[in-house]
Amino acid sequence: MEKRAIYNNRVLPYLLLTPQLLVTLIFFYWPALQVVHQSFLLEDAFGLQSSYVWFENFQRLFADPDYGRAFGVTVIFSTVVAFLSLAIALLLAVMADRQIRGANAYKTLLMWPYAVAPAVAGVLWLFMFQPSLGVVAQSVKRMGLDWNPLLNGTHAMTLVVLAGTWKQISYNFLFFLAGLQAIPRSVIEAAAIDGASATRRFWTIIFPLLSPTTFFLLVVNIVYVFFDTFGIIDAVTGGGPARATTTLVYKVYDDGRLGGDLGGSAAQSAILMFIVVALTAVQFKYVERRVHY
Amino acid sequence: MIEHRPLANLIAHIVLWIGIAIVAFPVYLTFVASTHEPTIISNGQMPLTPGSHFLENYERTIFIGPSSTTRTPVGRMMFNSLVMAVAIAVGKIAISIISAYAVVYFRFPLRKTIFWLIFMTLMLPVEVRIYSTYKVVADLGMLNSFAGLTIPLIASATATLLFRQFFLTVPDELVEAAKIDGAGPLRFFWDTIVPLSRTNMAALFVILFIYGWNQYLWPLLITTSGDMQTIVIGIKKMIVTSDALTEWQIAMATTMLAMLPPVAVVVFMQRWFIKGLVETEK
């Protein structure tokens, strides 16, 4: 779509675009190009000379068991958080969509965690599950489980999954509720007249009609777990114990902080960039479907 | 609902209340911890009801800060976070609205290319170019400054797209009328486009304020000095993992203070929040 009525000016549009373009070029494209460039370079031990090695950095990375492990951690983390937060949010949204009293109050009471920073969400859960003083950790211990996220990788993973899910429910809830409210009542009424029970109506009518929202949320949630949970992991576990909660993004940060392998670190970033491009492409390809049922 | 079923409605109420309780419980515990003495918390003897040290703990948190790790008062951290959040939100809105105006209301060489350049930044989050962006900021001498905290983040593909979509729905007659009245492009922008965009700006402001306030990775890299620290980073530094030295009452009071502004914005500007949330994700 284009405007028919426009202004003619040779200089003004460029002036208006200058601030955005400057920021974009200096802080987005230049560093991104650097990343791609460095991922093909190998520096010597003193950082004095570097030579083109093409895909050697990538080959080394894929042969590194630590990288494979981080990949696995990321996949498990994303899948569990996305599944749990979508399932819980859908249940709550279906309940709030019934025309019950106080529906708006429920909405307000469920949506505010969106505003909580991931790192802060992590701290909330860390405090509850702190092995020596956390209120919930003590109950868990009394039930006979030797809870210790500082030493046990599975426990640490459980904790970051809980914090990540908690933080994401409100977002999914708001979108599911909007999706449910967009489904025409007449369709559901027709099914009810035909004698379909509430459960059956949900699985044969509501859930399929909601699938564009679900799909959209699935992609958004995966992006969320990939990038926004950095704060949760850094605040709760610092990637540990023994790298049990080190995701791909956390690994880039952690490896770079220790310094050293510039090419390898750049190769990791380049792979992440590729993943984002793929996810964004998927999102935009199917975004149209979400708008009209 | 289609059928009148009191039992099903009751179940809905119960499920929603359980959901709300689960969502609120961690925050309640944090609040309780922020009102107790440190010893009672570190013994693991904390009761489930608030204690009597509310004023004392919050006063120390805001004006003095934790004594062991960093001496920056949390009041200062909140100020830093506020400046950062407002600067990012206002900056993004300002540069995006003028970019969108240029792309929609003018025809010029490279228009499509520039639009795509802005659009593609969606695919380049900070996390994928952490250290090279850090290096650019360091080379420009912008570490430990508000400029370094905000300027690299204020490009916004989302906001530009949103304003572009909105401008395309503004009737052409308005431009034609403005031209007949002799109003130039800047005058038209200021007198017509800006007032029409107010609702969109408010919606964007809510989302971007939260985005700015909650930044983590970027301030973690850019700020090293205590008095440039933001509150979200401050909390993390107060909690010493596997160490009894953490002053939990102060850390928990700081956590409450870190949540308060963005949550208040969401709750009190709910209408704009929902609008912003839905529109920025389109």
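The values are calculated or read from the model by the stated rules, or taken from the named source; none is laboratory data. On a predicted model such as this, the values are computed, not experimentally measured, just so you know. Note that each Cβ is placed from the backbone with ideal geometry, even for glycine, and that neighbours are counted across all protein chains shown. Ligands, DNA and RNA are excluded from the accessible area calculation, which covers all protein heavy atoms including side chains. Shrake-Rupley method; radii C 1.70, N 1.55, O 1.52, S 1.80 Å.
For segment B:100-109, in order, what is each residue's ³J(HN,Hα) by Karplus, 6.51 cos²θ - 1.76 cosθ + 1.60 with θ = phi - 60°, in whole Hz (x at glycine and Pro)?
4, 4, 4, 5, 7, 9, 10, 10, 7, x
What base-10 log of the normalised intensity I(q)/I(0) is obtained for the protein assembly as shown from the Debye formula, alpha carbons as equal point scatterers, at q = 0.12 Å⁻¹?
So the normalised log intensities are -1.31.
I need the per residue convex hull volume for segment A:77-225, using only the alpha carbons, in cubic angstrom as a whole number.
Each residue corresponds to 140 Å³ of Cα convex hull volume.
Roughly what angle does helix B:111-120 make with the longest principal axis of chain B, taking Cα atoms, 0 to 90 degrees, to the nearest 10?
10
Greater than 28 Å separation of Cα atoms is the criterion. Which listed pairs, A:Lys3/B:Lys92; A:Lys251/A:Lys285; B:Lys179/B:Lys275; A:Lys141/A:Lys167; A:Lys285/B:Lys275; A:Lys285/B:Lys112, meet it?
A:Lys251/A:Lys285; B:Lys179/B:Lys275
Once neighbouring chains are kept in place and the probe is 1.4 Å, which whole percent of the accessible area of chain B is contributed by carbon and sulfur?
Percent of accessible area from carbon and sulfur atoms in chain B: 67.
When the convex hull of the Cα atoms of segment B:159-282 is projected onto a plane and the area is averaged over all directions, what value comes out in nm²?
11.0
How long are the three semi-axes of the equivalent ellipsoid of segment B:1-135, in whole Å, if each is the root of 5 times an eigenvalue of the C-alpha gyration tensor, listed from largest down?
44, 32, 14
Two-decimal Rg/Rh of segment B:77-278 from alpha-carbon positions, Kirkwood Rh?
1.05
Do any chymotrypsin sites (Phe, Trp or Tyr not before Pro) in segment B:43-136 lie in a loop, going by DSSP, with at most 16 other beta-carbon atoms within 10 Å of their beta carbon, and if so which?
Those that pass, being in a loop and sparsely packed, number zero.
So how long is each side of segment A:202-261 along the principal axes, counting just the alpha-carbon atoms, biggest first, in Å?
Between the extreme Cα coordinates on each principal axis of segment A:202-261 lie 55, 21, 15 Å.
For chains A and B, what's the summed buried accessible area, probe 1.4 Å, to the nearest 100 square angstrom?
Adding both sides of the contact gives about 9600 Å².
What average number of partner chain Cβ atoms lie no more than 10 Å from the Cβ of the residues making up A:161-172?
That works out to 1 on average.
Does any residue of segment B:29-45 lose at least 10 Å² of accessible area with all protein chains in place compared with its chain alone, and if so which ones (probe 1.4 Å)?
B:Leu29, B:Thr30, B:Ile41, B:Ser42, B:Gly44
Using only the alpha-carbon atoms of chain A, report the extent along each of the three principal axes, biggest first, to the nearest angstrom.
Over chain A, Cα extents along the principal axes are 77, 74, 31 Å.
Relative to the Cα centre, what is the charge dipole magnitude of chain A, using +1 at the beta carbon of each Lys and Arg, -1 at the beta carbon of each Asp and Glu, and rounding to the nearest 20 debye?
1160
For the protein assembly as shown, with every protein chain kept in place, what is the accessible area per residue (1.4 Å probe, Å²)?
44
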